[in-house]
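Encoded as structure tokens, the structure appears first; notes follow it.
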Amino acid sequence: MKRFFALLLTVPLSGCGTFTTLSSTDEEIARDLKQNKTLCETTSRAYGGVSYNFCKLHSARSSVNFDFVLAFYLLDTGVSALTDTAFLPFTVYQQSELGSIELGGEDS
């Protein structure tokens, strides 16, 4: 029963990379990734949750609890890949019409 509740508590966090990229504006996504000091210059709309998570991990920021953060993002990336696949027709259309999300330089 404890495992069930632990799983139930993690479900809202699952696929949060996908949720973030589908529910946020380009400016919000760019601002969030720049605040995390990402080294990415762009992020794709198709498989946006996976791309977003990789950009979060590909940052200049060092973390004391990097193993925990890495485990979370690896789990979330797997779930995001499944969720991104469900939204693929929509995000491929967006990618073809709007292109990748430009994150801009460090001066913003």
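The values are calculated or read from the model by the stated rules, or taken from the named source; none is laboratory data. Just so it is clear, the structure is predicted and the values come from calculations on it, not from any experiment. Reconstructed Cβ throughout: ideal geometry from the backbone, glycine too, with neighbour counts over all protein chains shown. To get the accessible areas, we keep the full protein, side chains included, count just its heavy atoms, and leave off ligands, DNA and RNA. Shrake-Rupley method; radii C 1.70, N 1.55, O 1.52, S 1.80 Å.
Tell me, which residue of segment 51-74 that is surrounded by 14 or more Cβ atoms within 10 Å (Cβ to Cβ) and more than 25 Å from residue 88 (Cα to Cα) is modelled with the highest pLDDT? So the residue we want is 59. Residues in segment 1-22 that are over 10 Å from the mean Cα position of the chain (by Cα) and not in a helix (DSSP H, G or I) were compared, and the one that is modelled with the lowest pLDDT is 14. Give the residue that is least open to solvent (accessible area, probe 1.4 Å), with candidates limited to residues of segment 25-50 that are of a type in the set (S, T, N, Q) and under 13 Å from residue 99 (Cβ atoms). Residue satisfying both the conditions and the ranking: 43.
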